[in-house]
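Written out below as structure tokens is the structure these notes cover.
The values are calculated or read from the model by the stated rules, or taken from the named source; none is laboratory data. Computed from a predicted model, the values in this text were never measured in an experiment. Cβ placement follows ideal geometry from the backbone for every residue including glycine, while neighbour counts extend to all protein chains displayed.
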Number of protein chains: 2
Amino acid sequence: MSGSRPRDEDVAAVEAANEALYAALEAGDLDAMTDVWVSGADADDVQGAVCVHPGWPLLSGRAAVLRSYALIMANTDYIQFFLTDVTVEIHGDVALVTCTENILSGGEAGEDGEPGPLLGGKVVATNLFRRTSDGWRLWSHHGSPVLTGGGDEDE
Amino acid sequence: MSGSRPRDEDVAAVEAANEALYAALEAGDLDAMTDVWVSGADADDVQGAVCVHPGWPLLSGRAAVLRSYALIMANTDYIQFFLTDVTVEIHGDVALVTCTENILSGGEAGEDGEPGPLLGGKVVATNLFRRTSDGWRLWSHHGSPVLTGGGDEDE
């Protein structure tokens with residue numbers, strides 16, 4: 001399928017898989033997050049999932065990646081993602097999604113139970129999906145903090 | 001080719017392509033860097049190259065990516081990469097390389113012409129290659145600063 005133009009339905013399916021990643025994190029739903037990622041059954045030739053959270057070293061393997069999300073969910077009261085600049089490129093059975101994650105998250109609550117302050121952040125992500133018998137599944141997620149305007153982008 | 005086990009020669013070719021990326025940057029050789037990336041002729045279905053330098057927003061398209069490297073080369077007196085934790089996974093005509101870039105670079109020279117100080121840095125990279133008629137070419141490079149030990153890695 002190399003070089004073939006992506007079909008509209010493939011692009012839509014990849015976009016939905018990408019949105020499912022962020023929806024799972026917003027909902028703090030580890031089961032849903034588990035469904036987002038490639039499983040061993042779909043990845044007999046590879047060690048599987050690869051994940052870099054902003055500022056973190058690389059996490060390799062499905063178990064390590066899912067543990068990291070469990071940790072993040074346990075330490076996050078509130079998080080919301082506003083995705084911008086979403087692009088999808090498909091090459092054979094692999095899809096590359098790029099997007100900017102505009103993140104609104106709740107800071108730690110006060111001792112009196114008052115909600116914590118809302119914090120904003122901007123992360124650029126490259127998300128790699130593979131076509132499996134169960135649909136598109138996440139192979140690699142790499143998010144990194146945007147620290148500078150850099151280059152010639154209109155930031 | 002989905003699910004097929006990567007052949008040794010494919011893995012070796014991908015590793016060589018990955019090393020060529022860093023060799024081009026070390027040598028400040030923009031022509032060599034140009035050869036590393038997918039070209040329009042090899043990428044009829046996509047906008048092509050995608051690149052995130054550490055802390056930068058996303059750069060999209062071969063022209064923008066190569067301009068960024070020209071800028072980096074013009075502002076870098078000395079840079080050397082020691083790659084560790086290199087892994088290669090191949091799925092069809094796409095290869096994902098992960099590695100840690102241990103970077104040694106020269107700071108700005110003094111006004112008296114004395115060499116600047118040597119600076120160290122650590123970056124985690126996910127590099128995505130595509131098999132083309134001219135061999136494996138870089139489709140996406142995403143490097144991000146490692147700011148924390150994070151997770152359960154032995155950092």
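State whether one or more residues within segment A:37-50 are modelled with pLDDT of 90 or more and either more than 25 Å from A:THR100 (Cβ to Cβ) or in contact with a Ser or Thr (Cβ under 6 Å, 6 or more places away or on another chain) (or both).
Checking segment A:37-50: at least one residue is modelled with pLDDT of 90 or more and either more than 25 Å from A:THR100 (Cβ to Cβ) or in contact with a Ser or Thr (Cβ under 6 Å, 6 or more places away or on another chain) (or both).
Out of curiosity, is A:LEU66 outside any strand (DSSP E or B), touching a strand residue (DSSP E or B) at 6+ places or on another chain (Cβ under 8 Å), of a type in the set (A, V, I, L, M) and at pLDDT 95 or above? Don't jump to the end; show me each part of the working.
Working: outside any strand (DSSP E or B): yes; touching a strand residue (DSSP E or B) at 6+ places or on another chain (Cβ under 8 Å): yes; of a type in the set (A, V, I, L, M): yes; at pLDDT 95 or above: yes.
Yes: the conditions hold for A:LEU66.
Do you know which residues across segment B:68-94 are touching an Asp or Glu at 6+ places or on another chain (Cβ under 7 Å) and under 23 Å from B:LEU30 (Cα atoms)?
The answer is B:ILE79, B:GLN80, B:PHE81, B:LEU83.
Pick from B:PHE82, B:PHE129: which is modelled with pLDDT of 95 or more, more than 9 Å from every other protein chain (Cβ to nearest Cβ) and surrounded by fewer than 13 Cβ atoms within 10 Å (Cβ to Cβ)? Break it down into steps so the answer makes sense when it comes.
Details: B:PHE129 fails: surrounded by fewer than 13 Cβ atoms within 10 Å (Cβ to Cβ).
The match here is B:PHE82.
Quickly run through segment B:69-79 and pick out the residues that are outside any helix (DSSP H, G or I) and either polar (S, T, N, Q) or within 13 Å of another protein chain (Cβ to nearest Cβ) (or both).
We begin by selecting, within segment B:69-79, every residue outside any helix (DSSP H, G or I); these are B:75-79.
Matches in segment B:69-79: B:ASN75, B:THR76.
Can you tell me which of (1) at pLDDT 90 or above; (2) of a type in the set (S, T, N, Q); (3) surrounded by fewer than 20 Cβ atoms within 10 Å (Cβ to Cβ) is the one A:ASN18 doesn't meet?
Condition not satisfied by A:ASN18: (3).
Give just the number: which of (1) within 7 Å of another protein chain (Cβ to nearest Cβ); (2) at pLDDT 95 or above does B:ARG137 not satisfy?
Tallying (1) within 7 Å of another protein chain (Cβ to nearest Cβ); (2) at pLDDT 95 or above, B:ARG137 fails exactly one: (1).
Looking for something touching a strand residue (DSSP E or B) at 6+ places or on another chain (Cβ under 8 Å) and of a type in the set (D, E, K, R) - is there at least one such residue anywhere in segment B:93-107? Give the derivation first.
Our first condition is that a residue be touching a strand residue (DSSP E or B) at 6+ places or on another chain (Cβ under 8 Å); within segment B:93-107, this holds for B:93-107.
Next, only the ones that are of a type in the set (D, E, K, R) stay: B:93, B:101.
Yes.
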